[in-house]
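No lab work stands behind these numbers, since they all come straight from the coordinates. These numbers were taken from a predicted model, which means no experiment stands behind them. Neighbour counts run over all protein chains shown; Cβ positions are idealised from the backbone, glycine included.
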Amino acid sequence: MIVLSVTKIQALLVVLFALISCVFVLSYPALSNDGYYRTYDSKKSSDEIKKDNWQSSVSGNTTSGNTAIDQAIHGEKLRDLKTPQTVYESHTSDHGKTSHQGPASTHADHSPHQNHVSEHSSEHGTHGARAPIGVMGDHLLHKKGQWMLSYRHMYMNMEGNRIGDDDISPERIVTTVPNRFSGQPMQPPTLRVVPTEMDMHMNMFGGMYAAADNVTLMAMVNYHSKEMDHITFAGGMGTTQLGRFTTQTEGFGDVKLSALVALYEDDIHKVHLNLGLSIPTGSITEKDKILTPMGMTPEVRLPYAMQLGTGTFDALPGITYTGQKGDFSWGAQYKGSIPLEDENDEGYRYSDKHEGTAWVAYQWAPWISTSLRVAGSTQDSIDGIDSEIVAPVQTADPDNYGGERIDLLFGVSMAGQQGALSGHRFAFEIGTPIYQDLNGPQMETDLILTVGWQKAF
């Protein structure tokens, strides 16, 4: 029997997303030479379709001489194009001149088709106005009673260490950085275990419900998988490596409940509040085996970074602004995480965290848009200490958490327009920090990747 680990399942999900992306690319036609996006009738040749389209849009004539029959024939030609998205006129001056050369009756024939496109866009939302998939709570649902389901997979890779904005090697850490627990039994004067790399996977399952036209409720359940690689140096001093080991944790994290409340909206701009609460459902007592400087392998409570939750109820305030004009869209968001308790059951709490982000996006076609985003965060070190987390490693010291970071991210978003993919959104965003000033020594972030799916109904 084949047993799939969570890490393998996550890899399969990424591959599945890549395959779906290929289906999108192959399912939608490129821009033709005459400035139209089309889905062609497989029974007609390219030359026959071009001829039909030219006759319909320019002359509007048929051989019957009967207006009703002409309109019926013209309607059949429109139906050959299959969907409202299959005719997308270019706005260049040459095409503008061509489209106005036909008689008035031609424009009248197209008006029902144009209305249908407008209704379809209103029902499913304007794809270009969506924020990058890495932004949570970016929009309200359109109508009272509407639902949306979503899934996001976020991967973060950290490798190497910093103190402030300077890199520091493992050898320097174990010979110069004091051990907070020095003086306790079996604790050396300096750090002797150094983390070298960490992979974090977060699976986020979300649901949204429009309680009113101006209020959307949101819930998110997280499932974490974490791995951290370490080097253990032998004895109480020196740079001789004793060995390497990896710790792992896996399980559900904290549940987040939110309400999005509209404040302002016009034809271009929208503003809403993000009001949320984080419920401490994730474990903060995870254990695993480690390799000590004396060569022992006890099972101990893992440091704070490897736990699955915060252990406290946290307020999640925020405000979001979005705008759109033509094919361009943009936005900005502030979100905070503020503990509502002095400490959790183990004697500590995370400090207030503040995050800000801003983005711009361009919609290249009704089904695809790209985005560029800048995100920043700041957080102080952990307040308090868990008396069960004691080890000569930097991650066991609450002072070695928090700092400031600025990320630059690029995203692609694809929206299904027809058939089984209609109404589905698939997107990804990838980025890397461009600035890090960490309370350290602390591992630095190298890569952030988010892939996701959304469906409103």
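Count Lys and Arg as plus one, Asp and Glu as minus one, and take only other residues whose Cβ is under 12 Å from that of Trp453; the net charge is then +3. 3J(HN,Hα) along region 337-352: 9, 10, x, 9, 10, 5, 6, 8, 5, 9, x, 8, 8, 6, 6, 4 Hz, from the Karplus curve 6.51 cos²θ - 1.76 cosθ + 1.60 with θ = phi - 60°, whole Hz, x for Gly and Pro. For the pair Gln187 and Val360, the difference between a 0.36 nm per residue extended length and the Cα-Cα distance amounts to 57.2 nm. Direction-averaged projected area, Cα convex hull, region 219-335: 11.0 nm², rounded to one decimal. Computed over Cα pairs, the Kirkwood radius of region 167-265 leads via Stokes-Einstein (0.890 mPa s, 25 °C) to a diffusion coefficient of 141 µm² per second. Spread over its residues, the convex hull of the C-alpha atoms of region 317-376 is 102 Å³ per residue.
Under 5 Å from the amide H of Tyr401 lie the amide H atoms of Ile382, each residue being 5 or more positions distant or on a separate chain, with H modelled from the backbone and absent for Pro and chain starts. Working note: Debye formula, equal point scatterers on the alpha-carbon atoms of region 360-457, no solvent; log10 I(q)/I(0) at q = 0.11, 0.19, 0.21 Å⁻¹ is -0.53, -0.92, -1.02. Can you give the net charge of the other residues whose Cβ lies under 14 Å from the Cβ of Gly251, counting K and R as +1 and D and E as -1? Residues near Gly251 contribute -3 overall.
The convex hull of the Cα atoms of region 307-427, projected and averaged over all directions, covers 10.2 nm². Local charge sum around Gly207 (other residues, Cβ-Cβ under 14 Å, Lys/Arg +1, Asp/Glu -1)? Summing Lys/Arg as +1 and Asp/Glu as -1 gives +3. Taking the average, over residues, of other Cβ atoms within 10 Å as the packing measure, peptides 308-317, 164-173 rank 308-317, 164-173 from highest down.
Go through Ile168, Tyr151, Thr240 and say which Cα lies farthest out towards the positive end of the charge dipole of region 148-306; charges sit on Cβ, +1 for Lys and Arg, -1 for Asp and Glu. Positive-most Cα among the choices belongs to Thr240.
Between the alpha-carbon centres of region 391-413 and region 274-330 there is a gap of 11 Å. For the residue pairs Lys353/Lys455; Lys256/Lys325; Lys143/Lys270; Lys289/Lys353, the C-alpha atoms sit more than 27 angstrom apart in Lys353/Lys455; Lys256/Lys325; Lys289/Lys353.
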